[in-house]
Number of protein chains: 2
Amino acid sequence: MQLSFIGLGAMGSLMARNLIGAGFALRGYDAWPAAVQRFRDKGGQATASAAEAAQGADALILMVVSAAQAEEVLFASGALEALAPDGVVVLMATCPPGAVRDLAQRVQATGRGFVDAPVSGGTAGADAATLSIMVAAEAAVFDRVRPVLRALGNKIFHVGTEPGQGATVKVVNQLLCGVHIAVAAEGMAFASRVGVDPQVVLEILGGSSASSWMLKDRGPRMIQPDPEVSSAIDIFVKDLGIVLDAGREVKAALPLSAAAYQMFLATSGRGDGAADDSQVIRSYGLLNAGRAAPA
Amino acid sequence: MQLSFIGLGAMGSLMARNLIGAGFALRGYDAWPAAVQRFRDKGGQATASAAEAAQGADALILMVVSAAQAEEVLFASGALEALAPDGVVVLMATCPPGAVRDLAQRVQATGRGFVDAPVSGGTAGADAATLSIMVAAEAAVFDRVRPVLRALGNKIFHVGTEPGQGATVKVVNQLLCGVHIAVAAEGMAFASRVGVDPQVVLEILGGSSASSWMLKDRGPRMIQPDPEVSSAIDIFVKDLGIVLDAGREVKAALPLSAAAYQMFLATSGRGDGAADDSQVIRSYGLLNAGRAAPA
């Protein structure tokens with residue numbers, strides 16, 4: 001099976017490495033030369049273009065940053081045309097469900113297969129090949145790439161047969177993640193504002209019905225003034241933007257998501273887009289106490 | 001040690017039973033005759049008034065529904081005056097921090113002690129004596145009632161020396177709980193709206209970074225049309241109301257809490273205040289699909 005991998009960034013480079021480790025013949029491309037070099041160093045067959053990577057491949061994995069980039073790779077760059085006539089496109093990037101449906105239709109119109117397969121688990125999951133993968137595709141098409149997905153994740157869910165359904169589940173996942181981070185910041189900043197030690201609050205809430213995965217993971221970093229970046233503010237500006245786009249597609253109101261998005265957006269707008277996403281708490285600090293570090 | 005217990009409702013009756021079981025001499029009162037009878041049936045010494053229950057007691061435990069009721073019991077009903085001159089008032093109800101500070105000052109002005117000691121853990125925790133108790137009081141005053149609290153909970157945190165600080169931690173706890181329930185509904189209803197099985201979404205999210213204690217507990221009940229009532233919508237109308245009151249006291253903006261409150265408020269406003277709090281999802285169903293049950 002000849003595989004092609006486009007998008008060798010923070011997630012993609014780790015996923016590509018796991019595919020190479022699992023014995024797949026892998027050709028890869030990224031618009032960023034340093035990413036291509038890193039891929040080559042890990043034993044990948046680097047190419048000079050997306051179309052060259054896709055040439056005659058059985059499956060084309062897309063781990064690009066947006067639906068627009070996926071569209072450019074497939075159509076403008078000619079990767080889809082280069083793919084084997086019965087090849088399968090596997091879109092693993094987080095994209096709005098409507099855009100995924102559109103891409104799927106255009107791919108399927110050429111006779112090729114399409115698998116909507118976004119992931120969750122972050123760089124840690126990509127590194128350890130323990131990603132959750134939310135697959136929406138016809139069973140026969142899914143079966144053809146199942147061994148590929150098994151090399152990337154250990155929780156593979158077949159959520160539906162229509163492309164866009166996987167993207168929807170991922171959208172709902174990001175909706176909860178983003179709101180959970182923002183509300184943890186809202187609560188911790190409020191405790192600080194009224195003179196209660198946020199460390200004590202965190203200890204109590206982490207063991208109560210107020211707990212969330214994000215509270216336990218991001219909460220400790222909210223107390224640090226400038227923590228190491230695990231995932232950046234701008235990732236949630238993008239992902240909650242996709243959540244709201246998905247709501248707009250079907251005209252569904254998502255009031256908590258919209259409020260959380262504003263807090264990430266303002267944080268990025270002040271120049272903190274590259275900071276750790278726990279630092280959305282800076283916006284609460286400024287909003288309610290006039291200083292970035294709640295105290 | 002002579003104890004007095006005022007407020008024998010869903011939580012209070014279970015807590016009172018545990019105090020009796022631990023061997024405390026307990027006099028109790030509630031304005032609702034059926035609650036008094038239940039207390040008597042469990043071996044409590046029922047009285048005809050709050051003041052009679054408090055007469056000469058070393059500690060007066062208040063598990064009433066609001067700060068206004070605590071004030072009425074203590075001052076209008078004469079319970080504080082009836083308490084031993086060196087007695088301690090233990091306020092365990094969820095109240096706004098500012099109201100707790102005011103009550104504490106008025107109690108302390110009579111020479112008596114005040115312990116701010118709200119709880120979390122719900123009726124299950126009250127039943128099993130596994131409540132979390134967030135204590136704010138001077139150490140010497142706290143020490144006098146420590147054996148009482150140990151009979152009610154197994155996670156007792158001394159969060160500060162100033163009454164109101166315990167209430168603040170409880171406020172932050174309820175802030176997260178309420179938003180977590182509402183956002184779980186927002187995500188689950190959205191998945192239904194766009195044709196993805198909410199049961200599948202729940203399974204995936206419960207094992208991902210999108211998980212929360214509330215998602216796992218309330219999520220399954222969101223899929224049921226009319227689940228058994230574990231905790232009512234109106235409890236969160238009250239508790240998120242207290243969260244927003246606490247924010248108003250110090251003029252702190254709490255945008256996610258405010259949005260979540262609106263969803264609980266609308267649910268109650270349609271007559272579903274006594275429904276299980278998972279049924280806040282009905283408001284999302286009506287808002288986005290025009291029907292109470294998302295499908």
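What the Cβ-Cβ distance of B:LEU287 and B:ALA84 gives, at R0 = 56 Å and to the nearest 0.05, is a FRET efficiency of 0.55. Counting charges near A:ASP276 (Lys, Arg +1; Asp, Glu -1) among other residues having Cβ under 13 Å from its Cβ returns a value of -3.
In the range A:2-162, Cα pairs under 8 Å separated by at least six residues give a relative contact order of 20 percent. When the Cα positions of A:GLN55, A:ALA35, A:ALA67 are compared along the charge dipole of the range A:2-162, A:ALA35 comes out farthest toward the positive end, with charges on each C-beta of Lys, Arg, Asp and Glu.
For the range B:94-186, the C-alpha radius of gyration sits at 1.15 times the compact-globule guess of 2.2 N^0.38 Å, with N the residue count.
With a cut-off of 14 Å between beta carbons, the residues surrounding B:TYR261 carry a summed charge of -4, where Lys and Arg count +1 and Asp and Glu -1. The alpha-carbon atoms of the range B:168-289, seen along their principal axes, cover 43, 34, 25 angstrom, with the largest extent given first. If you wrap the tightest convex hull around every Cα atom of the range B:2-162 and split its volume per residue, you get 91 Å³. The range A:182-221 has equivalent-ellipsoid semi-axes of 15, 11, 8 Å, by the square roots of 5 times the alpha carbon gyration tensor eigenvalues, sorted largest first. If you add up the charges near A:ASP58, with Lys and Arg at +1 and Asp and Glu at -1, over every other residue whose beta carbon is less than 14 angstrom from its beta carbon, what do you get? Overall, the nearby charge balance is +2. Scaling the Cα radius of gyration of chain A by the globular reference 2.2 N^0.38 Å produces a ratio of 1.06. The dipole here belongs to the range B:128-214: it is taken about the Cα centre, uses +1 on the Cβ of Lys and Arg and -1 on the Cβ of Asp and Glu, and is about 280 debye.
With distances taken between every two different alpha-carbon atoms, the protein assembly as shown has a Kirkwood hydrodynamic radius of 25.8 Å. Annotation: the antiparallel percentage among DSSP beta bridges lying fully within chain A is about 15.
Mean sequence separation of contacting Cα pairs (under 8 Å, at least six apart), scaled by the length of chain B, corresponds to a relative contact order of 13 percent. For the protein assembly as shown, the antiparallel share of DSSP beta bridges with both residues in that region comes to about 15%. Taking the DSSP beta bridges with both ends in the range B:2-162, the antiparallel portion is around 10 percent.
Only the coordinates and a few stated rules stand behind these numbers; no lab work does. As the structure is a prediction and not an experimental result, all values here were calculated from the model. So basically every Cβ, Gly included, is an ideal-geometry build from the backbone, and we count neighbours across all protein chains shown.
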